[in-house]
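Taking it in order: structure first as structure tokens, then the write-up.
The values are calculated or read from the model by the stated rules, or taken from the named source; none is laboratory data. Keep in mind it's a predicted model, so treat the numbers as computed, not measured. Here Cβ is always computed from backbone atoms with ideal geometry, including for glycine, and neighbour counts include all displayed protein chains.
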Amino acid sequence: MKRLNLLCSAFLMFAVMGMTAQENEQQETPKQEGHTNTNKFRQMYQEFATPNQYRTASGAPGPAYYQNEADYKMDVTLDDKNAVLSGEETITYHNNSPQDLEYLWLQLDQNIRKKDAPALERDGDAVAPANSTSRFADKYLQEPFDGGFNIEAVSQNGKPLKYMIHQTMMRIDLPQSLKAGDSYTFSIKWNYNINNHVTNRARSGYEYFPEDGNRAYQIAQFFPRMAVYNDVEGWQNMQFWGSGEFALPFGDYEVNITVPADHIMEATGELQNRGDVYSKDMMKRYDQAKKSFDKPVVIVTQEEAEKAEKGFSNKTKTWKYKAENVRDFAFSTSRKYILDMMAVDVMGKDVMAVSLYPKEGNPLWGDWSTKVVASTLSSYSNHTFQYPYHKAVSVHAKNQGMEYPMICWNYGRPDENGQYSDRTKFGMMSVIIHEVGHNFFPMIVNSDERQWGWMDEGINTFVQYMAEQEFGEKYPEAIAPNSNYPSRRGEPSKIVPYMKGNQDYIAPIMSNPEEVYQLGNNAYGKPATALNILRETVMGRELFDYAFHTYSHRWMFKHPTPEDFFRTMEDASSIDLDWFWRGWFYTTDNVDIGIKEVSKFYVTDQPTEAGRKMLEQYGTTPEQADALYVVKEEDADFKADMKNKTVLENAEKLNQYVMDNFSAEERSNMKTPKYFYQVTFEKPGGLVMPLIIEITYADGSTEKKTYPVQVWRKNDDVVSKVMATDKEITKIVVDPDMETADVNVDNNSWPKTENKSEFDEFKESQD
């Protein structure tokens, strides 16, 4: 069917004439120097790594993709009286790369706590006018903690190997090159002093409880670990400075951990000798927990833990664990621990959700920790892939929030009377969701945290946001009286203060974690928000979720780069997102889109003064041209009766055209608008975004329109849209639901709304 575009007759000729006038004007201006392409929609070939046999242009692993592996066998002993950990490990390193390796690199993360560690001096400082007594004493009076690895021996089959230690890295010089496809087995014996992670802030260590003289240990980065060798940069060679985390290969672990006999432990991997280290009562309760899918079963009660913390056994027990295809190993142990578990059906697979906590964590931890773990496993699996491991453990630790395969440390402690605020409760729940979620990113989708903090923290925070909302839906009593879970990050409005802040202290997302000014906003908040906007506003849930699933499945147990993520999201969705990656991830631009001007028009076939002048410029007259004209209410050519007529009534020429060219049936389906509005939108912000508006009509009805982001492709400053309607428009709002992280809402409305300060509102209330 023919469709009549009622705007064409009125505006098409003028648009063409306007373009021609611009071209003539350009010809008259002096010659300008050329410039490189700065269009916000230009492709990212220069920024992205070149596709190759290892990583394809689609974002998938290539036919020659490889990754090396490292298997560990360890015997570890905890000296609880002196807080010393010692161990001996045997590493079998598998060179799956096509290159021969002359040497091997290992990470010695504990060396960041050596007295002379360069990382301790990485930041500038100054004398503060006032300081807490404890902080002052720690900084200027106390002897620095004597941490770091003591490497006792490095050998192969009992023969010493030559090695060199540089800060937090250790190079082992091989007697002969390790050939492509071969393996190499060697051993390291080591020990170190365990730090107090509460007073000496760190990702692992112990918390000391002076009331009963006990320690609760959260032990990680506790053994020399193989660095990653890959197709992107060869050996991972960036030192551990504190902010950047870890790049680690996958492998199998067999770990025997000897601790005091009255300790309770959880660790990465499956416990091999549960019958030896569990009591009969614990075994009975464990069997019950495997069948309990609605509430946790307490394996070690608070009463039992309180009795144990008075003991201090001189005997020992050895806990034996095995883990397959994991990138790291961690454990937690104390005689203070309460232990509870429940089963979770994760897409048809039974998984144990586990919590480990001292009495200081109750009642909050007993009520909610394990339920949060269970809900998290389900949510993340639904958004990515089925959780592959047999358990996930949440360990209570003061001021902590850190993740390792199958186990994590989480804060959230009630006061001494067991009371807690909503802030404490939701803080605990959110950190558990976040750290358990890290099992997926980066413990399974194994990005290089040392280089790209956002690939694990930002992506994980995004999925965390979805999991938090789903937890609130599953347990409304946990979030009451809130209707939705009060997520700290993810919603677009939450990132606005950061994005409109001082540019001197903002770095692009695509920055190394050691180089950013605000790690939380840069690596967690902004990328999480960007992905939420991508899902909800730019791509839509169906396309986004399919592409995100594709990325997650492609890179399970592999080492993706940022380009692999970007390319997969485009490849699986049919959407060119280069403009989005460039703006949100490679720049510090922000979103600011507003309404510059709104003009109201009427269409007439009576020549106007402005119309005559335009036609004369092109050598014609109204008598010669078949033209329609537009009139503003404030124009001299405007007539009051135009307001109540349709476009066909105001323009008899147009009416006649319609009568001559369309059938009665076609005419009955035509629109006959009364009002024409030209809305000019401006974009003071640097980021291009879809143009989302809400229109309110005089009858009170509303309509939401979304114009694609491509409306900005030819003019990065302003763009106009014409709206033809049979109803008068009374209000237009840009981004009505605040879904684009617009940093300035003062220009978002027409007519302009006055945003009064709290002081102004107070003054008015007194009048």
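Just give me the residues in segment 150-168 being at pLDDT below 95 and in contact with a strand residue (DSSP E or B) (Cβ under 9 Å, 6 or more places away or on another chain), in sequence order.
157, 158, 168
Output yes when any residue across segment 138-157 is within 23 Å of residue 74 (Cβ to Cβ) and loosely packed, with under 11 Cβ neighbours inside 10 Å, and no when none is.
yes
Under 6 Å between Cβ atoms, at least 6 apart or on separate chains: pull out the pairs that start in segment 198-211 with a residue that is within 18 Å of residue 245 (Cβ to Cβ) and end on any residue that is β-branched (Val, Ile, Thr) and assigned to a loop (DSSP other than H, G, I, E, B).
205/194
Give the residue that is surrounded by the fewest Cβ atoms within 10 Å (Cβ to Cβ), with candidates limited to residues of segment 251-285 that are among the basic types (Lys, Arg) and out of contact with any strand residue (DSSP E or B) (no Cβ under 6 Å at 6 or more places or on another chain).
The qualifying residue surrounded by the fewest Cβ atoms within 10 Å (Cβ to Cβ) is 280.
Could you tell me which of the residues 647, 679 is touching a strand residue (DSSP E or B) at 6+ places or on another chain (Cβ under 9 Å), within 28 Å of residue 733 (Cα to Cα), β-branched (Val, Ile, Thr) and at pLDDT below 90?
After ruling out the rest, the residue left standing is 647.
Go over the candidates 100, 80 one by one and state the one that is over 35 Å from the mean Cα position of the chain (by Cα), surrounded by fewer than 19 Cβ atoms within 10 Å (Cβ to Cβ) and modelled with pLDDT of 90 or more.
Of the residues listed, the single one that is over 35 Å from the mean Cα position of the chain (by Cα), surrounded by fewer than 19 Cβ atoms within 10 Å (Cβ to Cβ) and modelled with pLDDT of 90 or more is 100.
Could you check segment 186-242 and list, in sequence order, the residues that are hydrophobic (A, V, I, L, M, F, W, C), in a strand (DSSP E or B) and closer than 19 Å to residue 402 by Cβ?
Of everything in segment 186-242, those that are hydrophobic (A, V, I, L, M, F, W, C), in a strand (DSSP E or B) and closer than 19 Å to residue 402 by Cβ turn out to be 216, 219.
Which numbered condition trips up residue 496, out of (1) in the same structural domain as residue 201 (by TED's automatic domain parsing); (2) crowded, with 16+ Cβ neighbours inside 10 Å; (3) not in a loop (DSSP other than H, G, I, E, B)?
So residue 496 meets the others, but not (1).
Here are some conditions: (1) over 25 Å from residue 573 (Cα atoms); (2) part of a loop (DSSP other than H, G, I, E, B); (3) at pLDDT 95 or above. Residue 31 meets all but one. Which one does it not meet?
(3)
Is there any pair with a first residue in segment 497-508 that is more than 22 Å from residue 738 (Cα to Cα) and a second that is assigned to a helix (DSSP H, G or I) whose Cβ atoms are under 7 Å apart and which are 6 or more apart or on different chains, and what are they?
What qualifies is 507/522; 508/585; 508/586.
State yes or no: is residue 129 within 30 Å of residue 554 (Cα to Cα) and in a loop (DSSP other than H, G, I, E, B)?
no
Hey, any hits in segment 71-87 for a residue that's outside the structural domain of residue 325 (by TED's automatic domain parsing) and on the phi > 0 side of the Ramachandran plot?
Looking through segment 71-87, none of the residues is outside the structural domain of residue 325 (by TED's automatic domain parsing) and on the phi > 0 side of the Ramachandran plot.
Output the helices (runs of 4 or more DSSP H) that fall wholly within segment 250-356 and possess 1 or more residues being touching a helix residue (DSSP H, G or I) at 6+ places or on another chain (Cβ under 6 Å), or say none.
Because the criterion is at least 1 residues that are touching a helix residue (DSSP H, G or I) at 6+ places or on another chain (Cβ under 6 Å), the helices (runs of 4 or more DSSP H) in segment 250-356 that meet it are 302-308.
Restricting attention to segment 83-97, and to residues there that are under 33 Å from the mean Cα position of the chain (by Cα) and part of a strand (DSSP E or B), which single residue is farthest from residue 329 (Cα to Cα)?
Among residues in segment 83-97 that are under 33 Å from the mean Cα position of the chain (by Cα) and part of a strand (DSSP E or B), the one farthest from residue 329 (Cα to Cα) is 94.
Can you give me the number of residues within segment 708-735 that are over 23 Å from residue 671 (Cβ atoms), in a strand (DSSP E or B) and without any contact (Cβ under 8 Å) to a residue 60 or more places away in the chain?
Result for segment 708-735: 2.
Within segment 383-414, count every residue that is assigned to a strand (DSSP E or B) and among the hydroxyl-bearing types (Ser, Thr, Tyr).
2
From the set of residues in segment 217-250 that are at pLDDT 95 or above, closer than 16 Å to residue 326 by Cβ and among the aliphatic types (A, V, I, L, M), which is surrounded by the fewest Cβ atoms within 10 Å (Cβ to Cβ)?
Across segment 217-250, the extreme among qualifying residues is 226.
Residues checked against (1) in contact with a helix residue (DSSP H, G or I) (Cβ under 9 Å, 6 or more places away or on another chain); (2) among the aliphatic types (A, V, I, L, M); (3) farther than 23 Å from residue 122 by Cβ; (4) at pLDDT 95 or above:
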{"position": "512", "(1), (2), (3), (4)": "yes, no, no, no"}
{"position": "531", "(1), (2), (3), (4)": "yes, yes, yes, yes"}
{"position": "557", "(1), (2), (3), (4)": "no, no, yes, yes"}
{"position": "561", "(1), (2), (3), (4)": "yes, no, yes, yes"}
{"position": "568", "(1), (2), (3), (4)": "yes, no, yes, yes"}
{"position": "575", "(1), (2), (3), (4)": "yes, yes, yes, yes"}
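Provide a single number: the residues in segment 103-126 that are in a helix (DSSP H, G or I), of a type in the set (A, V, I, L, M) and at pLDDT 85 or above.
1
Need the failing condition index for residue 473 against (1) surrounded by fewer than 20 Cβ atoms within 10 Å (Cβ to Cβ); (2) within 30 Å of residue 378 (Cβ to Cβ); (3) within 18 Å of the chain's Cα centre (by Cα); (4) not aliphatic (A, V, I, L, M), just the number.
The single condition residue 473 does not satisfy is (3).
Where residues in segment 177-206 are farther than 25 Å from residue 151 by Cα and of a type in the set (D, E, K, R), which of them is surrounded by the most Cβ atoms within 10 Å (Cβ to Cβ)?
Among those residues, the one meeting the criterion is 182.
Would you be able to say whether some residue in segment 407-418 is touching a helix residue (DSSP H, G or I) at 6+ places or on another chain (Cβ under 8 Å) and more than 16 Å from residue 364 (Cα to Cα)?
Yes, the conditions are met somewhere in segment 407-418.
Got at least one residue in segment 272-293 being closer than 27 Å to residue 168 by Cβ, in contact (Cβ under 8 Å) with a residue 60 or more places away in the chain and not β-branched (Val, Ile, Thr)?
no
Just need a number here: residues in segment 475-493 that are over 17 Å from residue 372 (Cα atoms) and part of a helix (DSSP H, G or I).
2
Which is closer than 21 Å to residue 475 by Cβ, outside the structural domain of residue 235 (by TED's automatic domain parsing), touching a helix residue (DSSP H, G or I) at 6+ places or on another chain (Cβ under 8 Å) and assigned to a helix (DSSP H, G or I), of 380, 465?
Selected residue: 465, the only one of 380, 465 that is closer than 21 Å to residue 475 by Cβ, outside the structural domain of residue 235 (by TED's automatic domain parsing), touching a helix residue (DSSP H, G or I) at 6+ places or on another chain (Cβ under 8 Å) and assigned to a helix (DSSP H, G or I).
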